[in-house]
Amino acid sequence: QQQVKQSPQSLIVQKGGISIINCAYENTAFDYFPWYQQFPGKGPALLIAIRPDVSEKKEGRFTISFNKSAKQFSLHIMDSQPGDSATYFCAAGPHGGSQGNLIFGKGTKLSVKP
Amino acid sequence: SAVISQKPSRDICQRGTSLTIQCQVDSQVTMMFWYRQQPGQSLTLIATANQGSEATYESGFVIDKFPISRPNLTFSTLTVSNMSPEDSSIYLCSVGQGPTNEKLFFGSGTQLSVL
């Protein structure tokens, strides 16, 4: 119940296309859902996050869609660029506060072809 | 966001030895977090380091294997002791922001290979 399942494991998208990464969780105690972006040799960087009181959050080309009833959330990258090529992790934090303990998915390696 | 410096960035170690990883933050923080990123796996919290008290370890991680020091509000070390090839991972230092430290910021990590 503590797992966050992420798919696909890898994704290849053409420049200008839409990249979609999906995550699912089981524990309804989660109430904070961030996405992290990691480039080789770097630590993960917070990209965008959502809480269950909204179904969608958009920041520039990045959008999180959240389906509370299905316990799923996804990251959409519009107009994907080669510079977006990285590994993306979804995560979940528990209600009442994570105190640094986020449950991460296994990551999706995105390659955007020019 | 905090600037987190971690060293070494990578190391190759022999089985049975120990490695100490250092983490320096550019601002004072109450909690620092150590994560492990195994190849092809998700990130897993090892322990939380509080200044002036013992570190709090997550299930599956013990102090004898991963001793942690937190001498002040900007610095922490994680030691990986008596290493085996199974310890080969990326080790990440992290600090949190927000009411419950939910927004995590990570250092660049230490890539450890154990032969």
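The values are calculated or read from the model by the stated rules, or taken from the named source; none is laboratory data. Treat the numbers as computed from the prediction; the structure is a model and nothing was measured. Cβ: placed from backbone, ideal geometry, glycine included. Neighbour counts: every protein chain shown. Quick note on the areas: whole protein, heavy atoms, side chains included, nothing else; ligands and nucleic acids left out. Shrake-Rupley method; radii C 1.70, N 1.55, O 1.52, S 1.80 Å.
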From the options A:Leu47, A:Leu75, residue that is within 14 Å of chain B (Cβ to nearest Cβ) and free of Cβ contacts under 8 Å to residues at least 60 places away in the same chain: A:Leu47
Within segment A:21-77, restricting attention to residues that are open to solvent by 50 Å² or more (accessible area, probe 1.4 Å) and β-branched (Val, Ile, Thr), which residue is farthest from the chain's Cα centre (by Cα)? A:Thr28
Kindly evaluate A:Ile103 against the criterion of being farther than 24 Å from B:Ser108 by Cα and among the β-branched types (Val, Ile, Thr). no
Scanning segment B:75-115 residue by residue, the ones that are under 28 Å from A:Trp35 (Cβ atoms) and of a type in the set (S, T, N, Q) total 10
Those residues of segment A:96-106 which are open to solvent by less than 40 Å² (accessible area, probe 1.4 Å) and either in contact with an Asp or Glu (Cβ under 6 Å, 6 or more places away or on another chain) or in a loop (DSSP other than H, G, I, E, B) (or both) amount to A:Gly97, A:Ser98, A:Gly100, A:Leu102, A:Gly105
Run down A:Gly43, A:Gly93, A:Gly16 and say which single residue is among the small types (Gly, Ala, Ser) and assigned to a strand (DSSP E or B). A:Gly93
Matching residues, segment B:40-74, being open to solvent by 60 Å² or more (accessible area, probe 1.4 Å), more than 11 Å from chain A (Cβ to nearest Cβ) and within 24 Å of A:Gln3 (Cα to Cα): B:Gly60, B:Val62
Selection from segment A:85-95 of residues touching a residue at least 60 places away in the same chain (Cβ under 8 Å) and open to solvent by 10 Å² or more (accessible area, probe 1.4 Å) yields A:Pro94, A:His95
Please go through segment A:1-13 and give me each residue that is open to solvent by less than 90 Å² (accessible area, probe 1.4 Å) and either assigned to a strand (DSSP E or B) or at pLDDT below 95 (or both), ordered by number. A:Val4, A:Gln6, A:Ser7, A:Ser10, A:Leu11, A:Val13
Selected residue (criterion: surrounded by the fewest Cβ atoms within 10 Å (Cβ to Cβ)) from residues of segment B:79-111 that are away from chain A (no Cβ under 14 Å) and among the aliphatic types (A, V, I, L, M): B:Met83
Looking across segment A:78-93 at residues that are more than 16 Å from the chain's Cα centre (by Cα) and not polar (S, T, N, Q), the single one that is farthest from the other protein chains (Cβ to nearest Cβ) is A:Asp79
Please indicate, with yes or no, whether at least one residue in segment A:37-44 is more than 19 Å from B:Val95 (Cβ to Cβ), modelled with pLDDT of 95 or more and touching a strand residue (DSSP E or B) at 6+ places or on another chain (Cβ under 7 Å). yes
Given the conditions (1) of a type outside the set (D, E, K, R); (2) more than 23 Å from A:Gly107 (Cβ to Cβ); (3) under 15 Å from the mean Cα position of the chain (by Cα), report the number of the one that B:Gln28 does not fulfil. (3)
